[in-house]
Amino acid sequence: MDKFTTLSGIAAPLPLINIDTDMIIPKQFLKTIKRSGLGANLFDEMRFTQDGAEIPDFVLNKPAYREAQILVAGDNFGCGSSREHAPWALLDFGIRCVIAPSFADIFYNNCFKNGILPIALPQETVDILMKDAEKGANARVEIDLDAQTVTSSDGEVFSFELDAFKKHCLLNGLDDIGQSLQKVSSIDAFEATMAQSRPWV
Amino acid sequence: MSPKTLYDKIWDAHLAHEAEDGTCLLYIDRHLVHEVTSPQAFEGLRMAGRPVRAPDKTIAVPDHNVPTTAGRNDPANMTEDSRIQVAALDQNAKDFGIHYYPVSDVRQGIVHIVGPEQGWTLPGMTVVCGDSHTATHGAFGALAHGIGTSEVEHVLATQTLIQKKSKNMKVEITGKLAPGVTAKDITLYVIGQTGTAGGTGYVIEYCGEAIRDLSMEGRMTVCNMAIEGGARAGIIAPDEKTFEYCQGRPHAPKGAAWEAAVAWWKTLYSDDDAAWDLVLTIKAEDIAPVVTWGTSPEDVLAITDVVPDPASFEGGKVDAVRRSLDYMGLTPGQKLSDVEVDTVFIGSCTNGRIEDLRAAAEILKGKKVKDGLRAMIVPGSGLVRAQAEEEGLADIFKDAGFEWRLAGCSMCLAMNPDQLKPGERCAATSNRNFEGRQGRGGRTHLLSPAMAAAAALTGRLTDVREIM
């Protein structure tokens, strides 16, 4: 997994609530057995017509936002299915950070496993960043994970909260499994105890 | 000892490691696996040279992307994509030595129906799967939730999950349900009350007389949609009905082990003075048969209501409702019972169990679906299908004009060829009405099996109480 430390990029405004994982990556693209290549179909049904032509009004099709690395969106981003294809598609497109008032639980966790930083901020702050994002390609937003700040193109600084362990893993690009396997003796001990107390499991 | 909720008790019983910052390794008792969210996880294991730590606790079954039409045992009858995913699961199950129910096995079906049916899911367990509707298994008093593919790989490698504890929410449904009102109406009504983000950060325990009165099938329907309310999991304390359901199932404990298990299971309830972070109390008699009208599962109204006006909402929901009414082709003020459908889908992990099929058959018996309407029933498992055939339900469905399919997820997520065409409108017993969920441009109304059957007869959303 790639480290996430700082990011300076274009933010694309997507002012919709309840953006679900079916919108982010429709099911017909879940038929892959790979993690890569899904960016081409990110937001497929909003981005393309049925015959594959670009829908010019969709934000990521506008010239100013084609290189966006940050999304600013409405409440409950990533609700719906547990498909990790959603963060894979975002990452493959080039999105490294999503800012929204709230995120669905499984999507939120999935982001961290893929080097994407989901930032939850109060609605008023997201409203300000949404307006900032609407300025287009000249407006670059700065993210500093270590300092836990988002800086708008006007230089306004907003702090965000995040779990210390998740931050540590993201800053260092750490593999969860490798870390958990360091605690294998605890897992062994737990299994030994459980074999006595709940042998039917 | 301080009082605990049911969730607290299961959590404590599965804590394999707790770091100083509160990050925990939660031990996983059952890991269910399907073909769509697992290939990348097995590939990760191969690349790192890691085995599956507990293959005896890992159960795989293809369901999401399998055809539900006859002749599917022959791979030639699958689409190229399905064939690749199913073949990958076949191979991974073999290579890693995990339990497996292939497409050709009569026990194959939707993973959340197969798990309980085979006795893999038991009270007090932790159950995970790379699918958000893993919440279903909470009906047994198990802590069950969906995980992403990276977490699937983590569980395969370590049999644990990195977790922080969620908050406790209690949803109590007091009193008795009115005739025609079902478990599906309860769960949709609750989401209508909380919203799709209302449960975010919580584990919901459903309790109260109306929940106690439900069968295990009904309880699974309720817990199944905890995720649509945003919750990490839904859970119902086990009781005699739970034990009765589990006893004698192939992988349930037997003899002395059964007695020991039941003794522990009987301690699995929330203590009277347990602390709740949030409590929601609903009177069962306030719940009518409901349908969804929009493109979010929170867009729930009684069948007797009318399509709402976007202006009656607040904040971001105003635009969201405008967008969804446009997508759904509905007009504010239109009676929901006037909305015509051209497709009816009965099935899914929400409503693909035997009780659901019985409820639909009760309405359909001796009647015919509306001319020109496409109606299909997809049983949740091969065993549900066999039982429905034995009980004569299959004949009722076929005589009424329903397609009688093989088990799988089918039109719930429309990965396989069972899809809506643009503009088609479906009354569905599944769990999501998102834009494009059942096929690009397809319009979905969620409802109970009895309501879906009623809609099949009339060709419009219909109050089942008029037909009963």
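The values are calculated or read from the model by the stated rules, or taken from the named source; none is laboratory data. Because the structure is predicted, anything quoted here is derived from the model rather than measured. Using ideal geometry, Cβ is built from the backbone for each residue, glycine included, and neighbour counts are taken over all protein chains shown. The protein model used for the area step is the full one, side chains on, heavy atoms only, and it has no ligands, DNA or RNA in it. Shrake-Rupley method; radii C 1.70, N 1.55, O 1.52, S 1.80 Å.
Being within 8 Å of chain A (Cβ to nearest Cβ) and touching a residue at least 24 places away in the same chain (Cβ under 8 Å) is a description that does not apply to B:Thr5. For B:Ala237, the test of being buried (at least 23 other Cβ atoms within 10 Å of the Cβ), at pLDDT 95 or above and more than 16 Å from the chain's Cα centre (by Cα) is failed. In the range B:149-167 there is no residue matching the filter, namely being within 28 Å of B:Pro449 (Cα to Cα) and among the hydrophobic types (A, V, I, L, M, F, W, C). Within the range B:300-334, the residues that satisfy the criterion of being touching a residue at least 24 places away in the same chain (Cβ under 8 Å) and at positive phi are B:Gly329, B:Gly333. Only one of the listed residues (B:Leu406, B:Leu383) is in a helix (DSSP H, G or I) and more than 14 Å from every other protein chain (Cβ to nearest Cβ). That residue is B:Leu383.
Cβ-Cβ contacts under 7 Å between residues 6 or more apart (or on different chains), taken from a first residue in the range B:8-22 that is free of Cβ contacts under 8 Å to residues at least 24 places away in the same chain to a second residue that is open to solvent by 20 Å² or more (accessible area, probe 1.4 Å) and of a type in the set (Phe, Trp, Tyr), are listed as B:Asp21/A:Phe165. Each residue in the range B:377-421 was checked for being farther than 17 Å from B:Asn65 by Cα, out of contact with any helix residue (DSSP H, G or I) (no Cβ under 7 Å at 6 or more places or on another chain) and of a type outside the set (Gly, Ala, Ser), and 10 pass. Exactly one residue out of B:Thr149, B:Thr221, B:Thr158, B:Thr182 is facing chain A (nearest Cβ under 9 Å), buried (at least 24 other Cβ atoms within 10 Å of the Cβ) and more than 22 Å from A:Pro87 (Cα to Cα), and it is B:Thr158. Just one of the numbered conditions (1) in contact with a strand residue (DSSP E or B) (Cβ under 7 Å, 6 or more places away or on another chain); (2) at positive phi; (3) within 14 Å of chain A (Cβ to nearest Cβ) is not true of B:Gly175: (3).
Do we find that B:Pro379 is buried (at least 24 other Cβ atoms within 10 Å of the Cβ) and touching a residue at least 40 places away in the same chain (Cβ under 8 Å) in this structure? Yes, satisfied. Of the residues examined, B:Arg425 is not one that is open to solvent by 30 Å² or more (accessible area, probe 1.4 Å) and modelled with pLDDT of 95 or more. Among residues of the range A:11-28 being aliphatic (A, V, I, L, M) and over 15 Å from the mean Cα position of the chain (by Cα), the one that is surrounded by the most Cβ atoms within 10 Å (Cβ to Cβ) is A:Ile17.
If I filter the range A:65-84 for residues that are outside any loop (DSSP other than H, G, I, E, B) and open to solvent by 20 Å² or more (accessible area, probe 1.4 Å), do I get at least one hit? No, the range A:65-84 contains no residue that is outside any loop (DSSP other than H, G, I, E, B) and open to solvent by 20 Å² or more (accessible area, probe 1.4 Å).
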